[in-house]
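Below is one structure, written out as structure tokens; the observations come after it.
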Amino acid sequence: MSLELIGISVLWLFLFGYVIVGSIDYGAGFFNAHSIITGKQHILSKVIQRYLSPVWEVTNVFFVFFFVGIVGFFPQTAYYFGTILLVPGSIGLILLAIRGSYYAFESYGARGHKGYAFMYGASGLLIPASLSIVLTISEGGFVSIVDDNPVLDYAALFTSPLTWSIVVLSIAAVLYISAVFLTWYAFKTGDDNATELMRKYAIGWSVPLIIAASGIIYELSFHNEEHFSRMIDLWWMFGLSFLLWIGTVWLLWKRTRYGVAFGLLVGQFALAFFAYGISHYPYLLYPYLTIYEGFTNTAMAISLIIAFILGMALLLPSLYLLMKLFLFDKNYVQGNNSKKE
Amino acid sequence: MFDDPVYASRLLTLLTLSFHIIYATIGVGVPLMIMIAQWIGIKKNDMHYIMMARRWAKGFVVTVAVGVVTGTAIGLQLSLLWPQFMELAGNIIALPLFMEVFAFFFEAIFLGIYLYTWDRFDNPKKHFLLLIPVAIGAGMSAFFITAVNSFMNSPAGFDIVNGQLVNANPIAAMFNPSMPTKVTHVLSTAYMTVAFMLAAIAAYRLIKGSNHVYHKKALYMTMKIGLVFAIATALLGDLSGKYLAEYQPEKLAAAEWHFETENEAPLIMFGVVDENQEISYAIEIPLMLSILAHGYPSAEVTGLNEFPEEEQPPLIIHYYFAIMVTIGVFMIGLSLVYWFGIRRGWPFVRAQWYRWLIVLGGPLSFLAIEAGWWLAERGRQPWILRGIMTVDQAATTSDYVGHMFILFAGLYLVLGIGTVVVLRKIFKNDPVEKELEKLQGGEPS
């Protein structure tokens, strides 16, 4: 496996991690705000706060890891994407900033404050929408080179149906992933009302999700034929992903094995996300930049990979500890504050 | 002026860094303070110190949140505003940038665990142990990010052949000549500033009528810590001067308004300069610049006129230098007198006016941090990567940077006000007296 492939695989894996944990996080923020504003917080807020509180900073790190890593492994992305993403990137940053701070303001300073909860619930939902623009741009067709500098055509970007389908998909995915996870989490806390409500949301969002995803594949067939035909070559991955989606919905419908349902969901998104990524290969930005042209020097690549392995050796046990204490600890999850060694 | 992407990019970077550095300093410094307080609390079995750790941690999470998001902002803005620079620098200095993420990740995980496990361990020492990775992670974050900044000042770890950067050596780039002085200076000033910030809070509570021994203990402890790090900062500052004289003489010369190369150079503080390089109204300390630059009074110090005009940093950095040094010296004096005063029982260190000075010391220390960074960054002009790339060459070519400046200015305003409002709310509803009662059923103060 070439260094380029190792680099992009590691980054793609982290981006996938961000998609999952970020979706749970942003969706939970939205459901929390929704329940506070509609006066249903007695059902949901406790469950959501219990999960969100210790992990929110971890979520943000996945994102930072991705954009720092991509500039490390592929410095030319800084030039291409840095130049064209000034406006969308800045808007994404502002949303991230509002989301992170207001989350902290609400949960550490003013619990139950409607305004704060609304701020972070709404900004959390817009973050995936604004970040997903990057995927749209990477498909090509919106960037031209003027006087040796890349320029983004905003009009074309914002009138393209592809852009809006990806936006819809990102929002649907956030709410769906989050709802499925929280169904499971609420079930573990033994809170039947919350479980039932989240289950309803999960099933409700499963259909828009699959419609938006199919719509994107259809639109790519006009927008980027090369990418589309490579996706068709990977039809079995998308097919498998679809079967896993059916599995999740089936288990939710039957009110059984919510943990397995969430596991299937992760599998579904992993397959689709990697099938999309593999078919995007070798382009980072159609048609200007591939992972081979934009790659860093060998010395840097090797030192980044070593740093990554050492970093992981440090992080995985720590993450395990975090999960053990908060996600899988029966006493904590059920809200008992009994002491333990 | 906003129409010029270079100028607007510089302004926006100035804005983001100046805002972020407040939270970053708190983020680096507070974990150590919490650690010291909790350790003393466990050792002396004194509830007050445990409470200090607890209350500082409570406020800390709010500032961490804002620090995380503004840190994310500056991280991404590097690519958005300086794409050419990041493309070049990514090849050489991406390693510490990458490792910083891990350091922060590590810190974030253990901070999360620490905050939510106050009552989960029977043995309080186990809970204390969680602080070690938090403080180390915070310190390592500062180390890696400062290494990147020092690379911009003294690029190393590559060769230039036909205008291309080749033979990249990421380790040598990270351990570039200015790294040791910069990293240690950043760390010690962070600890010093945070100690004085916490001292200012304690002094303010005492002024406002709370006579609780908790605040007195907090004040005495933080002033002592502040003193130690203020002295360390002064010593490290001396080393920074020697580094500059060797590797960035133009920065030292501009900061000092030292125009002609000469021996036995005096240190000039404040004053004004005219277009003929005539300085008036300045405080002059004989021989001091030679000592700062080379360690002995007769040393020759290179003057600014040795450098081509287009490579001279702006003269305003002289004031940043003067502000930084003056505040540093003031804080050493203030904390030294306080420490002596408490030990010897001098009454005036407990007087209202002295406490007001300590309160003032908090914001002043932050001002010194800001001045230090303005000195570091503007003192590097016109370069973004000294000797290799100027800021004009590095800046984005895209429009709307000025608009982004306005958006971010609004954001920082909202976040700044939000921080203050929320912190006030947290501590107003839960004063020390009330929290102590809750914890132990009321002990006379």
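For residues that are charged (D, E, K, R) and touching a Leu at 6+ places or on another chain (Cβ under 7 Å), tally how many sit in region A:231-274.
Residues meeting the conditions: 1.
Could you tell me which of the residues B:Gly418, B:Gly379, B:Gly362, B:Gly410 is more than 14 Å from every other protein chain (Cβ to nearest Cβ) and either over 24 Å from B:Gly90 (Cα atoms) or in contact with a Ser or Thr (Cβ under 7 Å, 6 or more places away or on another chain) (or both)? I'd like the intermediate steps shown before the answer.
Values: B:Gly418 fails: more than 14 Å from every other protein chain (Cβ to nearest Cβ); B:Gly379 fails: either over 24 Å from B:Gly90 (Cα atoms) or in contact with a Ser or Thr (Cβ under 7 Å, 6 or more places away or on another chain) (or both); B:Gly410 fails: more than 14 Å from every other protein chain (Cβ to nearest Cβ).
Sole residue among the options that is more than 14 Å from every other protein chain (Cβ to nearest Cβ) and either over 24 Å from B:Gly90 (Cα atoms) or in contact with a Ser or Thr (Cβ under 7 Å, 6 or more places away or on another chain) (or both): B:Gly362.
Scanning region B:388-407 for residues that are part of a helix (DSSP H, G or I) and open to solvent by less than 20 Å² (accessible area, probe 1.4 Å), which turns out farthest from the other protein chains (Cβ to nearest Cβ)? Even if it seems obvious, please write down each step before you answer.
Applying the first criterion (part of a helix (DSSP H, G or I)) to region B:388-407 yields B:391-394, B:401-407.
Okay, now just the ones that are also open to solvent by less than 20 Å² (accessible area, probe 1.4 Å), so B:391, B:394, B:401-402, B:404.
Details: B:Val391: 15, B:Ala394: 11, B:Val401: 7, B:Gly402: 11, B:Met404: 5 Å.
Per the criteria, the residue is B:Val391.
Yes or no: B:Pro313 crowded, with 18+ Cβ neighbours inside 10 Å, part of a loop (DSSP other than H, G, I, E, B) and touching a helix residue (DSSP H, G or I) at 6+ places or on another chain (Cβ under 6 Å)?
On the way: crowded, with 18+ Cβ neighbours inside 10 Å: yes; part of a loop (DSSP other than H, G, I, E, B): yes; touching a helix residue (DSSP H, G or I) at 6+ places or on another chain (Cβ under 6 Å): yes.
The answer is yes for B:Pro313.
Exactly one of these conditions fails for A:Leu314: (1) at the interface with another protein chain (Cβ under 9 Å from one of its Cβ atoms); (2) modelled with pLDDT under 85. Give me its number.
That leaves (2) as the condition not met.
Does region B:331-353 contain at least one residue that is outside any helix (DSSP H, G or I) and open to solvent by less than 70 Å² (accessible area, probe 1.4 Å)? Spell out the reasoning first.
First, pick out the residues of region B:331-353 that are outside any helix (DSSP H, G or I): B:345-346, B:351.
Narrowing further to those that are open to solvent by less than 70 Å² (accessible area, probe 1.4 Å): B:345, B:351.
Yes.
Got a number for residues in region B:318-333 being touching a residue at least 60 places away in the same chain (Cβ under 8 Å) and among the hydrophobic types (A, V, I, L, M, F, W, C)? It would help to see each step written out before you state the result.
First, the residues of region B:318-333 that are touching a residue at least 60 places away in the same chain (Cβ under 8 Å): B:318, B:320-321, B:325, B:328-329, B:331-332.
Filter again for among the hydrophobic types (A, V, I, L, M, F, W, C), leaving B:321, B:325, B:329, B:331-332.
Number of matching residues: 5.
Among the listed residues B:Val161, B:Val66, identify the single one that is surrounded by fewer than 21 Cβ atoms within 10 Å (Cβ to Cβ) and either more than 8 Å from chain A (Cβ to nearest Cβ) or at pLDDT 85 or above (or both).
Being surrounded by fewer than 21 Cβ atoms within 10 Å (Cβ to Cβ) and either more than 8 Å from chain A (Cβ to nearest Cβ) or at pLDDT 85 or above (or both) holds for just one of B:Val161, B:Val66, which is B:Val161.
Give just the number: which of (1) more than 7 Å from chain A (Cβ to nearest Cβ); (2) open to solvent by 20 Å² or more (accessible area, probe 1.4 Å) does B:Tyr114 not satisfy?
Answer for B:Tyr114: the failing condition is (2).
With the condition kept exactly as written, say whether any residue in region B:163-183 is of a type in the set (A, V, I, L, M) and touching an Asp or Glu at 6+ places or on another chain (Cβ under 7 Å). Give the derivation first.
So the first thing to find is which residues in region B:163-183 are of a type in the set (A, V, I, L, M), and the list is B:165-166, B:168, B:171-174, B:179, B:183.
Okay, now just the ones that are also touching an Asp or Glu at 6+ places or on another chain (Cβ under 7 Å), so B:166.
Yes, there is a match, as at least one residue in region B:163-183 is of a type in the set (A, V, I, L, M) and touching an Asp or Glu at 6+ places or on another chain (Cβ under 7 Å).
Residue check: is A:Phe65 within 13 Å of chain B (Cβ to nearest Cβ) and within 22 Å of the chain's Cα centre (by Cα)? I'd like the intermediate steps shown before the answer.
Working: within 13 Å of chain B (Cβ to nearest Cβ): yes; within 22 Å of the chain's Cα centre (by Cα): yes.
Considered against the rule, which asks whether it is within 13 Å of chain B (Cβ to nearest Cβ) and within 22 Å of the chain's Cα centre (by Cα), A:Phe65 comes out as yes.
Kindly list the number of the only condition in (1) surrounded by fewer than 17 Cβ atoms within 10 Å (Cβ to Cβ); (2) in contact with a Phe, Trp or Tyr (Cβ under 7 Å, 6 or more places away or on another chain) that fails for A:Ile145.
It is condition (2) that A:Ile145 fails.
What residue, of B:Phe175, B:Phe229, B:Phe270, is open to solvent by 10 Å² or more (accessible area, probe 1.4 Å) and at positive phi?
Working: B:Phe175 fails: at positive phi; B:Phe229 fails: at positive phi.
The unique qualifying residue is B:Phe270.
Tell me, which residue of region B:86-100 that is more than 7 Å from every other protein chain (Cβ to nearest Cβ) and modelled with pLDDT of 90 or more is most open to solvent (accessible area, probe 1.4 Å)?
The extreme case among them is B:Glu100.
Could you tell me whether any residue of region A:290-303 is touching a Phe, Trp or Tyr at 6+ places or on another chain (Cβ under 9 Å), closer than 24 Å to A:Tyr185 by Cα and either modelled with pLDDT of 75 or more or more than 9 Å from chain B (Cβ to nearest Cβ) (or both)?
No, region A:290-303 contains no residue that is touching a Phe, Trp or Tyr at 6+ places or on another chain (Cβ under 9 Å), closer than 24 Å to A:Tyr185 by Cα and either modelled with pLDDT of 75 or more or more than 9 Å from chain B (Cβ to nearest Cβ) (or both).
Somewhere in region B:368-378, is a residue of a type in the set (A, V, I, L, M), open to solvent by 50 Å² or more (accessible area, probe 1.4 Å) and without any contact (Cβ under 8 Å) to a residue 60 or more places away in the chain? Working first, answer last.
Applying the first criterion (of a type in the set (A, V, I, L, M)) to region B:368-378 yields B:368-369, B:371, B:375-376.
Those still in the list that are open to solvent by 50 Å² or more (accessible area, probe 1.4 Å) too: none.
The answer is no; no qualifying residue exists.
Which of the residues belonging to region A:85-95 are at the interface with chain B (Cβ under 7 Å from one of its Cβ atoms), more than 17 Å from A:Val143 (Cβ to Cβ) and open to solvent by 10 Å² or more (accessible area, probe 1.4 Å)?
If we filter region A:85-95 for residues that are at the interface with chain B (Cβ under 7 Å from one of its Cβ atoms), which is where we start, we get A:85-87, A:89-90, A:93-94.
After this cut, where a residue has to be more than 17 Å from A:Val143 (Cβ to Cβ) as well, the list is A:90, A:93-94.
Passing the criteria: only A:Ile94.
Taking the stated definitions as given, is B:Ile283 of a type in the set (Val, Ile, Thr) and open to solvent by 70 Å² or more (accessible area, probe 1.4 Å)? Spell out how you get there, then give the answer.
Working: of a type in the set (Val, Ile, Thr): yes; open to solvent by 70 Å² or more (accessible area, probe 1.4 Å): yes.
Yes: the conditions hold for B:Ile283.
Can you confirm whether A:Ser45 is assigned to a helix (DSSP H, G or I) and more than 8 Å from every other protein chain (Cβ to nearest Cβ)? Spell out the reasoning first.
On the way: assigned to a helix (DSSP H, G or I): yes; more than 8 Å from every other protein chain (Cβ to nearest Cβ): yes.
Here the answer is yes, as A:Ser45 does meet what is asked.
Are there any pairs with C-beta distances below 7 angstrom linking a residue in region B:114-138 that is closer than 23 Å to B:Leu187 by Cβ to a residue that is of a type in the set (Gly, Ala, Ser), with the two at least 6 apart or on different chains, and if so which?
Once the first residue is closer than 23 Å to B:Leu187 by Cβ and sits in region B:114-138, its partners that are of a type in the set (Gly, Ala, Ser) give B:Gly137/B:Ala103; B:Ala138/B:Gly27.
For residues in region B:200-220 being of a type outside the set (S, T, N, Q) and part of a loop (DSSP other than H, G, I, E, B), which is least open to solvent (accessible area, probe 1.4 Å)? Before you say what the answer is, go through the steps one by one.
Kept after step one, since they are of a type outside the set (S, T, N, Q), are these residues of region B:200-220: B:200-209, B:212-220.
Subsequent filtering for residues that are part of a loop (DSSP other than H, G, I, E, B) retains B:208-209, B:212.
On the way: B:Lys208: 120, B:Gly209: 59, B:His212: 10 Å².
Going through the qualifying residues, I end up with B:His212.
For residues in region A:104-126 being of a type outside the set (A, V, I, L, M) and facing another protein chain (nearest Cβ under 7 Å), which is nearest to B:Phe60 (Cα to Cα)?
In the first step, residues of region A:104-126 are kept if they are of a type outside the set (A, V, I, L, M); the result is A:105-109, A:111-116, A:118, A:120-121, A:123-124.
Next cut, facing another protein chain (nearest Cβ under 7 Å) only: A:105, A:108-109.
Numbers: A:Phe105: 12, A:Tyr108: 10, A:Gly109: 12 Å.
Looking at the filtered set, the residue picked out is A:Tyr108.
Give A:Gly109, A:Gly72, A:Gly82, A:Gly115 a once-over and let me know the one that is out of contact with any Pro (no Cβ under 8 Å at 6 or more places or on another chain) and open to solvent by less than 10 Å² (accessible area, probe 1.4 Å).
On the way: A:Gly109 fails: open to solvent by less than 10 Å² (accessible area, probe 1.4 Å); A:Gly82 fails: out of contact with any Pro (no Cβ under 8 Å at 6 or more places or on another chain); A:Gly115 fails: open to solvent by less than 10 Å² (accessible area, probe 1.4 Å).
Only one candidate passes the filter, namely A:Gly72.
The values are calculated or read from the model by the stated rules, or taken from the named source; none is laboratory data. Treat the numbers as computed from the prediction; the structure is a model and nothing was measured. Don't worry about glycine lacking a Cβ; one is built from the backbone with ideal geometry, like all the others, and counts go over all protein chains shown. For accessibility, only protein heavy atoms count, side chains too; no ligands or nucleic acids. Shrake-Rupley method; radii C 1.70, N 1.55, O 1.52, S 1.80 Å.
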